[in-house]
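What follows is one structure encoded as structure tokens, with my remarks underneath.
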Amino acid sequence: MLVLKFGGTSVGSVENFRKVAEIVRNTRGDKIVVLSAMSGVTNTLVQITDLLEQGQSENALELINGLNQKYLDVARELLDSDEAYYKAQVVLKKHHQTLLTMTSEEFNSDQEKIVLAQGELVSTNLFQLYLEDIEEDSVLLSALDFMSIDKHGEPKTQVIRERLGKILSNYQSSIFITQGFICRNANLQIDNLKRGGSDYSASLIGAAVGAEQIQIWTDIDGMHNNDPRYVDSTFSVSEMSFAEAAELAYFGAKILHPQSIIPAQENNIPVLLLNTFKPDSKGTLIHNKASVRKIRAIAAKDNITAIKIKSYRMLMAYGFLKKVFEVFEAHKTSIDMITTSEVAVSLTIDNTEKLDVITNDLQGFGNIEVDTDLSIICIAGDIAQNKKGITSAIFEGLKDVPIRMISYGGSNYNLSFLVKTSDKIAVLNLLNESLFPELAAAHA
Ligand code: ADP
Ligand code: ASP
Ligand code: MG
């Protein structure tokens, strides 16, 4: 079994739906096709929920009707037969109705999740009708029947495996289609795996069925050595290890959802990143046999806040860090980076929801400083075995940039440091030159 996940751009238009169908048809063997919402749709659904929350139902209605019209236009152009178009109209009416009822009811967070789920539900329905229209046999599965998370938002992998296995055993088909992103939570309500979560769905599904490979089809030819949104001369990296990919995804490489590599890694399922618009290009293979490479790629994660706790009580004291960590644990806030000196601890968080209570609780430990608008720059590669020379190459390139924190040696695959977000683009470009000079030239 293969898992093929197509992101928003890949199903963003009639033409692209056709491209996806072509790729699915040309892929041999049994497969589960995981689709995102059409590009821009989840953003529109977020806007709709914001408007409904603010009681602006008139404006929300305008967006809801606009979305419905867009879907109808896509369906009319995509589907040749009147029968398929009629079926699409029935499906779209149901989704339109679901959104319309939200405008007249009191809006709460459960409804917000229902609204956000509509994008994937529609794209998968349209795709399945298209396959039917071109006489390609397929089965549409609802992710809501098997994709399950617990009360902490963590996937229930055993439940997913059992349910999906049982559902698949009911059908004889070589093409299954299902939604990325959406799931049911511990209360069995509709929920999601956070923005960009379709990659995570694909990986969880791949792990659940013991897939041979998980293919992530997107709008770029694999993982690049640097963020192509900010750096011009980037190139596709042909292979990397799970650990490197996991670090890059976690530290901001948008091509992959932060947690999406973990299920594949745990089950040793290779992940192939491919380009829907250049299906023949090699892409990036993420596996456990990747050759050793000094520096593989760079990524950046924004919206980082640093907290510094200065305390002379730390001097020679044991148990101090434990108490600090307990504050973060109590407020369910995870720490990304940490550095210590004898009299101070600096750490970073990206979720600032509980920042006020956290700083309040930390007051008792010493003097607290909070710094915002920071970015973590992550350099991934086989860094431990090649320590000699690497750090000097990195810091020589950055000699004019103030660096707030450095984390090195925590894992063998990552060196990260903290800079002001306003310096991020300059830093990514400087590192591109200092760490990949020959390669950047060769691939330009
Ligand atoms: P999809 O909608 O298919 O999930 P995303 O927009 O989530 O696609 O991810 C693909 C985008 O990720 C690319 O278009 C690119 O701009 C961005 N990106 C950021 N960092 C990287 C990187 N290191 N390599 C490739 N793409 C990256
Ligand atoms: N549609 C969702 C989003 O835009 C999930 C995804 O595309 O991965 O975040
Ligand atoms: Mg994505």
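The values are calculated or read from the model by the stated rules, or taken from the named source; none is laboratory data. These numbers come from a predicted model, not from an experiment. Please note: Cβ atoms are built from the backbone with ideal geometry, for glycine as well, and neighbour counts cover all protein chains shown. For the accessible areas, the whole protein counts, side chains as well, though only heavy atoms, and no ligand, DNA or RNA atoms are used. Shrake-Rupley method; radii C 1.70, N 1.55, O 1.52, S 1.80 Å.
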Quiz item: Are any residues in segment 119-136 open to solvent by less than 10 Å² (accessible area, probe 1.4 Å) and either within 16 Å of ligand 2 (Cβ to nearest atom) or not in a helix (DSSP H, G or I) (or both), and if so, which ones?
Solution: G119, E120, V122, S123, T124, L126, F127
Practice problem: Please state which one of V90, V122, V115, V41 is over 27 Å from N187 (Cα atoms) and among the β-branched types (V, I, T). | Solution: V90
Practice problem: Please name all residue pairs, on different chains or six or more residues apart, with Cβ atoms under 6 Å, provided the first residue is in segment 250-263 and is more than 13 Å from ligand 1 (Cβ to nearest atom) and the second residue is in a helix (DSSP H, G or I) and among the aromatic types (F, W, Y). | Solution: Q259/Y200; I261/F242
Quiz item: What single numbered condition from (1) under 27 Å from I379 (Cα atoms); (2) in contact with a helix residue (DSSP H, G or I) (Cβ under 9 Å, 6 or more places away or on another chain); (3) more than 16 Å from ligand 3 (Cβ to nearest atom) fails to hold for V343?
Solution: (1)
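Let's see how each residue does on (1) open to solvent by less than 10 Å² (accessible area, probe 1.4 Å); (2) touching a residue at least 24 places away in the same chain (Cβ under 8 Å); (3) under 28 Å from E105 (Cα atoms); (4) within 16 Å of ligand 2 (Cβ to nearest atom):
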position	(1), (2), (3), (4)
S13	no, yes, no, yes
V24	yes, yes, no, no
G29	no, yes, no, no
E58	no, no, yes, no
Quiz item: Do we have any residue at all in segment 39-50 that's open to solvent by less than 40 Å² (accessible area, probe 1.4 Å), of a type in the set (S, T, N, Q), within 16 Å of ligand 1 (Cβ to nearest atom) and within 25 Å of the chain's Cα centre (by Cα)?
Solution: yes
Exercise. Would you mention how many residues in segment 26-66 are among the acidic types (D, E) and over 24 Å from G180 (Cα atoms)?
Key: 3
Exercise. Can you run down the residue pairs with Cβ atoms below 6 Å, 6 or more apart or on separate chains, where the first is in segment 109-123 and under 11 Å from I182 (Cα atoms) and among the polar types (S, T, N, Q) and the partner is at pLDDT 95 or above and open to solvent by 10 Å² or more (accessible area, probe 1.4 Å)?
Key: Q118/H95
Quiz item: Has segment 126-138 got any residue that is touching a residue at least 12 places away in the same chain (Cβ under 8 Å) and within 16 Å of ligand 1 (Cβ to nearest atom)?
Solution: yes
Quiz item: Out of T352, T333, T359, T372, which single residue is touching a residue at least 60 places away in the same chain (Cβ under 8 Å) and within 27 Å of T421 (Cβ to Cβ)?
Solution: T372
Quiz item: Does at least one position in segment 229-249 carry a residue that is closer than 20 Å to G12 by Cα and acidic (D, E)?
Solution: no
Self-check item: Test: residue in segment 166-179 that is small (G, A, S) and within 16 Å of ligand 3 (Cβ to nearest atom)
Solution: no
Quiz item: Can you tell me which residues in segment 152-183 are open to solvent by 80 Å² or more (accessible area, probe 1.4 Å) and at pLDDT 95 or above?
Solution: E154, Q158, R161, E162, R163, K166, S169, N170, Y171
Quiz item: For segment 198-316, which fully contained strands (runs of 3 or more DSSP E) count at least 3 residues that are open to solvent by less than 10 Å² (accessible area, probe 1.4 Å) and more than 16 Å from ligand 2 (Cβ to nearest atom)?
Solution: 297-310
Quiz item: Of all residues in segment 405-428, which are at pLDDT 95 or above and open to solvent by 20 Å² or more (accessible area, probe 1.4 Å)?
Solution: K420, T421, S422, D423, I425, A426
Quiz item: Assuming A75 fulfils every condition listed in (1) within 16 Å of ligand 1 (Cβ to nearest atom); (2) surrounded by 22 or more Cβ atoms within 10 Å (Cβ to Cβ) apart from one, which condition is it?
Solution: (1)
Exercise. With the checklist (1) farther than 30 Å from R229 by Cα; (2) modelled with pLDDT of 95 or more in hand, flag the one item K388 doesn't pass.
Key: (2)
Exercise. Please list, ordered by first then second residue, the pairs with beta carbon atoms under 9 Å, 6 or more apart or interchain, first in segment 210-221 and under 11 Å from I286 (Cβ atoms), second open to solvent by 20 Å² or more (accessible area, probe 1.4 Å) and within 11 Å of ligand 3 (Cβ to nearest atom).
Key: I216/I255
Self-check item: Residue list for segment 184-197, filter: buried (at least 16 other Cβ atoms within 10 Å of the Cβ) and within 15 Å of ligand 1 (Cβ to nearest atom)
Solution: N192, L193, G196, G197
